[in-house]
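Peer 1: I'd like to ask you about the structure that follows.
Bear in mind these aren't lab numbers, they're just calculated from the coordinates by the rules spelled out. None of these values were measured; they are calculated from a predicted model. Please note: Cβ atoms are built from the backbone with ideal geometry, for glycine as well, and neighbour counts cover all protein chains shown.
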Amino acid sequence: MTANGAALAAAVILLFPMGYFFLASPAFLLVKLDIPQVTQLLRGMFDIQFVMIGVTGVIGTLAFALAGRPAFAVAAGLIAAGAILGRRRFMGVMDAELGARDSGDADAVRRLRRLHWVGMFCNAVLLAGLVSSLPYVA
């Protein structure tokens with residue numbers, strides 16, 4: 001595989017988890033977050049999203065570095081680091097809001113919805129940046 005092919009493959013590898021989350025997460029806007037099973041599924045989706053982006057970001061970083069694309073390697077590394085480090089914070093806030101909801105806090109559902117929107121927005125920004133950089137990768 002050529003260096004350009006490896007770089008393009010790395011970009012596509014990063015696109016898969018971001019694209020999946022971009023398409024799957026809006027479905028949760030149609031349901032109430034006061035249903036424990038729904039929020040458990042949403043929490044699981046966010047958790048695996050962070051793990052997938054972290055793993056694919058590391059793979060992308062290595063592939064870009066081996067392809068001789070240091071700027072893209074740094075960008076993929078930052079995405080991976082953000083996912084790995086952000087997971088603990090984001091999931092901690094989500095768990096705290098789920099606990100607050102379960103203990104009777106009426107505003108916790110609103111805060112969970114806002115957290116959901118923030119997660120979707122951050123993913124959309126990263127996805128847009130990655131898609132807009134594809135012409136420069138190949």
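Peer 1: Which one of R101, R89, R114 is basic (K, R) and either in contact (Cβ under 8 Å) with a residue 40 or more places away in the chain or not in a helix (DSSP H, G or I) (or both)?
Peer 2: Of R101, R89, R114, the one residue that is basic (K, R) and either in contact (Cβ under 8 Å) with a residue 40 or more places away in the chain or not in a helix (DSSP H, G or I) (or both) is R101.
Let's see how each residue does on (1) within 24 Å of G99 (Cα to Cα); (2) of a type outside the set (K, R); (3) touching a residue at least 24 places away in the same chain (Cβ under 8 Å); (4) out of contact with any Ser or Thr (no Cβ under 6 Å at 6 or more places or on another chain):
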residue: L8; (1), (2), (3), (4): no, yes, yes, yes
residue: L14; (1), (2), (3), (4): no, yes, yes, no
residue: L23; (1), (2), (3), (4): no, yes, no, yes
residue: A27; (1), (2), (3), (4): yes, yes, no, yes
residue: L30; (1), (2), (3), (4): yes, yes, no, yes
residue: Q40; (1), (2), (3), (4): yes, yes, no, yes
residue: M45; (1), (2), (3), (4): yes, yes, yes, yes
residue: F50; (1), (2), (3), (4): yes, yes, yes, yes
residue: T56; (1), (2), (3), (4): no, yes, yes, yes
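Peer 1: How about segment 33-74: which of its residues are of a type in the set (D, E, K, R) and over 16 Å from R88 (Cβ atoms)?
Peer 2: D34, R69
Peer 1: Inspect segment 19-29 for any residue being over 30 Å from P135 (Cβ atoms), out of contact with any Pro (no Cβ under 8 Å at 6 or more places or on another chain) and surrounded by fewer than 14 Cβ atoms within 10 Å (Cβ to Cβ) and give the result as yes or no.
Peer 2: yes
Peer 1: Further question: Could you count how many residues in segment 60-119 are touching a Pro at 6+ places or on another chain (Cβ under 8 Å) and buried (at least 20 other Cβ atoms within 10 Å of the Cβ)?
Peer 2: Result for segment 60-119: 1.
Peer 1: Between A96, A83, which is under 22 Å from L41 (Cβ atoms), free of Cβ contacts under 8 Å to residues at least 24 places away in the same chain and assigned to a helix (DSSP H, G or I)?
Peer 2: A96 is the lone residue from the list that is under 22 Å from L41 (Cβ atoms), free of Cβ contacts under 8 Å to residues at least 24 places away in the same chain and assigned to a helix (DSSP H, G or I).
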